[in-house]
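Single-structure report; data block below.
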Amino acid sequence: MRKGLFAALTIFCLAAFMGCAGGKDKPDEQPGEVTNAVTAGVSDVKFELEDYEPGNRSDFMPREMMRTEKGFYHLNFKDNGLHYYDIATGKEMYLCNKPECRHDGNPFCVATNQTYEILGCSLYNDKILSYVREETDTQYAFKLLTVALDGSSADELATVLTIEKTGERVAFAGCDVHIHRNKVLVTMGGSSVGEDTWHYCAAVVDLDTKKVTFLNEEPFSKDNTDLSEISAYGDYFYYCQKEGKKRLLRRYHIGNGTTETCKLLTNFSGDYAVLDEDCVVYSRKSGLCTYRFSTGENEERTDWQGKDLRTDGTYVYVPDGGMTITSPDENGELVTRTPAPVYVLDKNLEEIAELNMEDYLPLAGFEEMTWHTSSYNGGLRYLGEDIYWCLVPLDENNMNPEMTTYVFHCKRSDFIAGEPKFTFVYQYKEN
């Protein structure tokens, strides 16, 4: 789930969408010429995404990092282009297999085509769906594109929204793409540059009929309320929405288009996880609670407190705070300023395990590193049988000038047993 609105990104700061594939041994090397052989096996992957899977959407860290059995797709901040990282070779490439492409924003480049500006993307079955903005002299057009996994093509699927220009430059941010059972939920915020008044849009697009349904009264308006903490289960999209000072949890039925509001207890924090189609667990100041749609009943559980609840469909993960910085002291001993225990619960909210994450820092080969994460969950992502840990290295000035993230992996069974063995899988640079 994503927390709130991204920091506003101005139009003139955002580069374009879609790029041509060039294999790269290191992120800062210039891509060379590429042949179809480089990406020939990319589309031959095993997918587990017929239904929504937490993590394979725009809340995964690093930005828009989407996994397959053989590698990772992601949207790069530096060139706003689509990239692919191959696990077997350790190579990163632009997602474009056109030979001799320069990946410079030209209209034939699948990865960096400057006709479009990528606002969000998500992997679903055998394609990437990207939510993009196309700007003309008179309007902004917001569209969904389908991008081939081997970088061979990108095609317009549907137009979600058009906004007529009024003369003021507009910044668009907070764009999410969530796909479930052939429906796409996209959200977006926008504001004239220099103004504090934000307009919001939330729309569901049927991938078969291309029909667009807006979840607020107006397609794009300052009177709309932003959607956040979006997830999906069964026949529903779930999301949080403010009403005055209250934060509400709602769900949208993807079949009949109805919306219902959960009758939660007061002081709902905005953190929740869907246990099944009848039950959600959510967080309040006093602890965890469950709510059942069938009866409208709430049950208080004060055993745990934590923010950023997560579930992988089998277990619930409750981080108690967030890991801030861990580094060696003058004696080579690790010092953690903010330890981050994680409680693992079953769907009955019975404790399965408790892990203090400072005990499991993946230091092999990284002994001199200082690590930082700013999220409450300590950079952990729980994806079925796999758990990923995203850690940011800091230099001697506690800075990360290259905006680098290291991604580590362990198996869920080892994590549950209290013996996670995190191994390095991926290094991601945004500068």
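The values are calculated or read from the model by the stated rules, or taken from the named source; none is laboratory data. What you see is a predicted model, and the numbers here were worked out from it, not measured in a lab. Backbone-built Cβ (ideal geometry, glycine too); neighbour counts: all protein chains shown. In case anyone asks, the SASA skips ligands and DNA or RNA and just uses the protein heavy atoms, side chains included. Shrake-Rupley method; radii C 1.70, N 1.55, O 1.52, S 1.80 Å.
What to note about this one:
- Cα gyration tensor shape of region 65-106, rounded if a/c is under 1.5, else prolate or oblate by comparing a/b with b/c: oblate
- Qualifying GluC sites (Glu not before Pro) in region 161-220, where qualification requires a DSSP coil assignment and no more than 16 other C-beta atoms within 10 Å, comprise Glu168, Glu195, Glu217.
- Packing, taken as the mean count of other beta carbons within 10 Å per residue, orders the peptides 244-250, 341-347 from highest to lowest as 341-347, 244-250.
- Distribution of pairwise C-alpha distances over region 268-310, 5 Å bins, in %: 6, 26, 34, 23, 10, 1
- Added length on full extension, which subtracts the Cα-Cα distance from 0.36 nm per residue, Ser413 to Asp223: 63.7 nm
- Solvent-accessible area of Lys421 with every protein chain in place, 1.4 Å probe, in Å² to the nearest 10: 130 Å²
- For region 171-322, the fraction of 1.4 Å probe accessible surface lying on carbon and sulfur atoms is 40 percent.
- Quotient of the Cα radius of gyration of region 229-313 and 2.2 N^0.38 Å, N being its number of residues: 1.02.
- Positive minus negative residues near Ile352 (Lys, Arg vs Asp, Glu; Cβ under 12 Å): -2
- C-alpha center-to-center spacing [region 252-323, region 134-174] in angstrom: 34 Å
- Exposure rank, largest accessible area first [Ile163, Ile118; 1.4 Å]: Ile163, Ile118
- The radius of gyration of the Cα set in region 90-225, together with its Dmax, comes out at 15.7, 48 angstrom.
- Unsatisfied cross-links (Cα-Cα over 19 Å) in the set Lys211/Lys263; Lys143/Lys165; Lys70/Lys91; Lys222/Lys245: Lys211/Lys263
- Length released on extending from Glu135 to Asp155, taking residue separation times 0.36 nm less the Cα-Cα span: 5.5 nm
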